[in-house]
Amino acid sequence: MDNSKQSKNKPQKILGLFGFFALTSSMVLTVYEYPTFATSKLSLIFFTILGGLFWFLPTALVSAEMASVDGWEDGGVYSWVGNSLGKRWGFAAIFFQWFQITVGFVTMDYFIMGALSIVFDWPALNTNPFIKFFGVLILFWLLTFIQMSGTKYTAKIAKVGFVSGILIPSIIFFGLSIAYIVQGNPLKISFNINNLIPNFTKISTLVIFTSFILAFTGIEASASHVNELKNASHNYPLAIIMLVILAITLDGLGGISVAAVVPQKDLSLSAGVIQAFKLILLHFNSHLMWLVKILSLAIVFGVIAEISSWIIGPSRGMYVSAQQGLLPKIFRKVNKHGVPYPLLILQGIVVTIWDAVLTFGGGSDNVSFLAAVSLTVVIYLVCYLLMFISYFVLIYKKKKLHRTYNVPGGTVGKTLFALSGLLTSVFAFIVSFATPSALPAKDGKIYQIVLISSFVIALIVPFVIYAFRKFYGSKNENFKIKHFSSKDVNKFVHPAGRGEHYMEHELKNKK
């Protein structure tokens, strides 16, 4: 290959330490999971540190090395797992990464329904299964059809939504919570140091750890940017360590703030942040309900912006696999805006099914929410298990492959980091199937049926699809995927939410 052409195709080192840190932090920080953290009370501090150090950090480092291997830069987990374990497992990995967000969409929509139920003083929007089902349905399909016209403004909306709907409300929330606690107001949890460590003899108290894993998922998506990072060997681990500290701090403060203000028996997992806002603001001034509604709407906008970003993003990997001949030809199509509309329609149908299963099969709103969270995690964790196994293949069987970034510590350090991530993933996977202690005993059986049956179906589907690949036709040899350039129009937001990429077809020359 011509050296000048090769160097031209190499991503430029355009990201500094803080630029990369800002980009990555916008991918993983969120607000709507604080109420779920709050159910573990003071133990949430233990869980955030455990998840941050033993899962989040190893996942970020391992995925960065895999993304920097020559020839593995594009395609994410599909490329990493496929090149290590074979195309079948690569397709399974990318399928699980895509499939988990179809469940995650329901979780995010549940949060919106819970927030709007408070804004409009309409509890049925969050508690009546039929109203809740159609609320999620209408919102998601509306956002899907909006995305059909392209993603020209999606990234900008996502950034504005992150600032106005997540960052600013979080700062206000933390400030109010600190003021509330400093004034000596009655707290709903005990700050006894003995409550920091969870009871390991009861697996039902450990299942909440899945929520902390979910808060950190998606970090592997930022790994693709390691090739654009200046002095990556120094700046990447530094940025990730800074992010781990920030994530632990914000998630810990957010969860404790909700737990300290909202009684556990009244806590709504889909609207707990809004509940806390309402209780704190009305405590300071009983006439501030209008401000509660404004902040609630701001948070809703932030989550809507995030959903909009995710609607097209996760389909990117599936679109690539379709071009490889692993999906029916119809899923190779894009509309005039460059959007793979058949995949988006399929995604909407899958979300509709999950909406029905989780809303009507889950019983109460907390059962539905927890089942959705746990299902999202166990599906995603299968993808991560494949990723860590693939990494062991890379460092022991393919160690000669050139890469621009290496996990610190040589082979020993790589092994320890990967082993930490793998074992933590296995632990989180196992405890995810236990009934959470936050649920009443009568709801436990419903939770188990919904979670296990849904997971078994999700586990089988990619292998069934792959088995029929010979009927889909040969792969598209004219397809290319490239990194995003500001001059390009057909942008696709990264699966993690906000990193922009685009797709390009090399159309046949018309005679």
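The values are calculated or read from the model by the stated rules, or taken from the named source; none is laboratory data. Note that the structure is predicted; figures quoted are calculated from it, not measured. Here Cβ is always computed from backbone atoms with ideal geometry, including for glycine, and neighbour counts include all displayed protein chains. Areas reflect the complete protein model, heavy atoms only, side chains present, ligands, DNA and RNA absent. Shrake-Rupley method; radii C 1.70, N 1.55, O 1.52, S 1.80 Å.
Points to keep in mind about this one:
- Rough spin-label spacing in nm, given labels placed 7 Å along Cα→Cβ, for LEU196 and LEU167: 3.2 nm
- Paramagnetic reach from PHE463 (point 7 Å along Cα→Cβ, amide N under 16 Å) across region 88-106: 88-96
- Potential lengthening of the chain between VAL334 and ILE203 amounts to 42.5 nm, from the contour at 0.36 nm per residue minus the alpha-carbon distance.
- Solvent exposure ordering (accessible area, 1.4 Å, most first) of TYR78, TYR341, TYR405: TYR341, TYR78, TYR405
- Prolate/oblate/rounded call for region 418-465, Cα gyration tensor, a/c under 1.5 rounded: oblate
- Fraction of accessible area attributable to carbon and sulfur, region 255-324 (%, probe 1.4 Å): 65 percent
- With all protein chains kept in place, the per residue accessible area of region 347-428 amounts to 35 square angstrom at a probe of 1.4 angstrom.
- Accessible surface, per residue, of region 37-91 when the full set of protein chains is kept, probe 1.4 Å, Å²: 27 Å²
- Segment ILE353-LYS470, length gained on full extension (0.36 nm per residue, minus Cα span): 39.4 nm
- Its Cα gyration tensor gives region 333-422 an equivalent ellipsoid, and the semi-axes of that ellipsoid, as √(5λ) in whole Å with the largest first, are 37, 23, 9.
- Tensor-based shape of region 317-467 (alpha-carbon gyration tensor, a/c under 1.5 rounded, otherwise prolate or oblate): oblate
- Using a probe of 1.4 angstrom and keeping all protein chains present, the accessible surface of region 106-149 works out to 42 square angstrom per residue.
- With R₀ fixed at 41 Å, the C-beta to C-beta distance from ASP121 to GLN448 puts the FRET efficiency at about 0.75.
- Take every Cα pair under 8 Å whose residues are at least 6 apart in sequence, average their separation, divide by the length of region 242-317, and the relative contact order is 18 percent.
- Zone of THR411's modelled label, taken as backbone nitrogen in region 377-405 under 20 Å from a point 7 Å along Cα→Cβ: 388-405
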